[in-house]
Each structure stands twice: as structure tokens, then as C-alpha cells.
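I have placed the structure first, in the form of C-alpha cells, so that the comments after it can refer back to it.
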Amino acid sequence: MKNRFFVYLLIIFSLILSSGLPAKEILTLASTTSTLDSGLFDALIPPFEKKFSCTVKIIAVGTGQAMRLARDGNADVLLVHDRAAEEKFVADGFGIERLGVMHNDFVLVGPKSDPAGIRGMKGAEAFKKIAAAGAFFVSRGDDSGTHKKELQLWKTSSMPPTGKWYLESGSGMEATLRVASEKIAYCLVDRATWLAHAREADPLAVMVEGDPQLFNPYSVIVVAPAKFPWLNFKLASHFAEFIRSAEGQAIIRAFGQDKFGCALFYPDVIH
């Protein structure tokens, strides 16, 4: 009886394999952590998967690491936020074209008591005061777009971030914000991740915002098939088109409105 049961299972399995049903295509998307941590992909990816009968494999890492994955031929398409690095990626022949998708901004959050006295200042000026005060600051330290923006602000402030007050998490944005909350420290964070996790970071509040230097644009880049012919160029192109289409831009525009009363990202193609 037992042997007969296994024979039946084998027959059923063989029928499934020979049914001729096509396997779903897989798109490997390497993206910055903010798009995942904020919840945007929960709204954006399912409609794309349904429309193109595919499965999207998301690798959410810092922008620098995402680009390294693509340079090694391990990602079909990128969604990242470091314009200088993106332009070099395309210039080096690894990407077809850098296409704008959306934007938000960075905010500098910190202890509500504001020990460095930076509330309402400009970005670089605030960084200078944090360093001068030796107030705890938590950096992602992971070569992400946020980390690179932070390093630009330190450079502009002419104050190198060195000392026991400067901590590096080596983690994504959500994890870094959690560390900053635990240490009651200052931290640079994209607004989407901040809005999505502000309640969990209760000891902290926004200290600096609205500075043009804190502008944060996101781009989509299809990885060049000439470099890696095995990549899914067709599906990657469909994703780039979808995220910039009226449907994709509407999803981006609406995301967060019901929960936070404002958008977490602003579409750049169709306003």
C-alpha cells in the first residue's frame, strides 16, 4: 500500500513536469534599502508581477553594493540614489541609461533635547556643530547613497567625522535608525524611512530639513546586455518602463497618503 502511494505521487509529479506550463520569468532588482524599508515595494511590485506574469527578486542593499552586484552581472536592473555613481556606472558601459523616477529628501534627526543645538540649521552647518560638540552620530557606513550624501555634508562642513562620538552601523537605513534611537544619537535618514519608522524611534525628532543639499533623487538603470548577455534585458526594460509609466507613477504618488497623510516619494516623470 505504501509503495502504491509513492507510485501515485511519482505519476502526479511527472504529469506536472510534462504539463507544458511555462515557468515564470524572474527579474533580479538590486535596490537601495529605503524603497524596501519604507514599504514602497509592497505597493509597486505586485502590480508589475501580475502585468508581466513574472517574479521579482529584490536585493535591498546600499546603492554602492547594488551597483557592485550589477557590475558583476548579478542584477538585471537597478533602483538607486547616488547620481554621481549612477552616471559613472552608465559611462563605464554597465548601464543603458540613467532614468529619473522619483525623489524625496533627507532629514537630519537627533535627540529631542538637541545637545548640539542644531535645530533649524542648514545641513553642513549642523554637521559642523555636531562634530564640535562631540555629540553621538550614527552613520550607515555602508557605501550607500545615504552614506555618500552624509560624507558630502561632512566634507562641506570641513569637520572630519572622527572620534568616539562617531559610530558606524554598517547596516541598512532601518537598522541604522534603530541604533541611533538606542544611542539617542543624531542620524541622517531618508524621509520615507523616517516617516515609516518614526514611532519606533521615539527619542528622536527631525532637527534639520528643507535644505536643497538634502534633495534625494532616485533613478532606474537597466544593466547593459552587451556586458552580460545572460541577464533578462527584456523584463528589466519592462520594469523601467512600468515604474516611469502613468500606472507606476500613480502608485508612487499615492503611496503613504492613507497612512501618513503625505507622500513618501514624489514622481518625477508624470506629476
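Considering only Phe106, Phe94, Ala131, and ranking their Cα positions along the charge dipole of segment 92-146 that arises from unit charges at the beta-carbon of Lys, Arg, Asp and Glu, the one farthest toward the positive end is Ala131. Computed from backbone phi with θ = phi - 60° and the Karplus coefficients 6.51, -1.76 and 1.60, the 3J(HN,Hα) list for segment 192-208 is 4, 5, 4, 5, 6, 10, 4, 4, 6, 9, 4, x, 10, 8, 6, 9, 10 Hz; x is used for glycine and proline. Excluding same-chain neighbours fewer than eight residues apart, the lysines reachable from Lys112 by a Cα-Cα span under 25 Å are Lys122, Lys128, Lys129, Lys149, Lys164, Lys183, Lys259.
In summary, the aspartates and glutamates within cross-link reach of Lys24, defined as a Cα separation below 12 angstrom excluding same-chain residues under 8 places away, comprise Glu49.
Does segment 105-214 classify as rounded, prolate or oblate by the C-alpha gyration tensor (a ≥ b ≥ c root eigenvalues; a/c under 1.5 gives rounded; else a/b over b/c gives prolate, otherwise oblate)? Let's see the in-between values first.
Working: a/c = 1.22, a/b = 1.17, b/c = 1.04.
Rounded, since a/c falls under 1.5.
Applying both filters, DSSP loop and at most 11 other Cβ atoms within 10 Å, to the chymotrypsin sites (Phe, Trp or Tyr not before Pro) of segment 161-195 eliminates every site.
Of all DSSP-defined beta bridges confined to the chain, some 60% are antiparallel rather than parallel.
Which FRET efficiency, nearest 0.05, do Glu25 and Val90 yield, Cβ-Cβ r, R0 25 Å?
Working: r = 25 Å, r/R0 = 0.99.
Step by step, r from the Cβ atoms, then E = 0.50.
By the gyration tensor of its Cα atoms, with a ≥ b ≥ c the square roots of the eigenvalues, what is the shape of segment 206-256: rounded for a/c under 1.5, prolate for a/b over b/c, or oblate? It is oblate, given that a/c is not under 1.5 and a/b is not larger than b/c. Within the listed set Leu99, Leu177, Leu78, the Gaussian network model of the chain (springs between alpha-carbon atoms below 10 Å) gives the highest mean-square fluctuation for Leu99.
Charged side chains reduced to their Cβ positions (Lys and Arg at +1, Asp and Glu at -1) give the chain a dipole of some 420 debye around its Cα centre. Only Cα pairs under 8 Å and 6+ residues apart enter the sum, and on that basis the relative contact order of segment 95-163 stands at 28 percent. Of all DSSP-defined beta bridges confined to segment 105-214, some 65% are antiparallel rather than parallel. Over the C-alpha trace of segment 39-188, radius of gyration and Dmax come out as 17.7, 55 angstrom. Placing unit charges on the Cβ atoms of the charged side chains and taking the dipole of segment 105-214 about its Cα centre, the candidate lying farthest along the positive direction among Tyr186, Ala201, Gly170 is Tyr186. Suppose only helical runs count, i.e. DSSP H with n ≥ 4. What mean residue ellipticity at 222 nm does that imply for the chain under -39500 (n - 2.57) per run, divided by all residues and rounded to the nearest 500 deg cm²/dmol? Value at 222 nm, helices only: -12500 deg cm²/dmol.
With an 8 Å Cα cut-off and a minimum separation of 6 or more residues, compute the relative contact order for segment 105-214 in percent. Please list the in-between numbers first.
On the way: 192 pairs, mean separation 50.6, N = 110.
Rounded, it is 46 percent for segment 105-214.
Read the figures in this text as sums done on the coordinates, not as results from a lab. Everything quoted here is computed from the prediction, not taken from an experiment. So basically every Cβ, Gly included, is an ideal-geometry build from the backbone, and we count neighbours across all protein chains shown.
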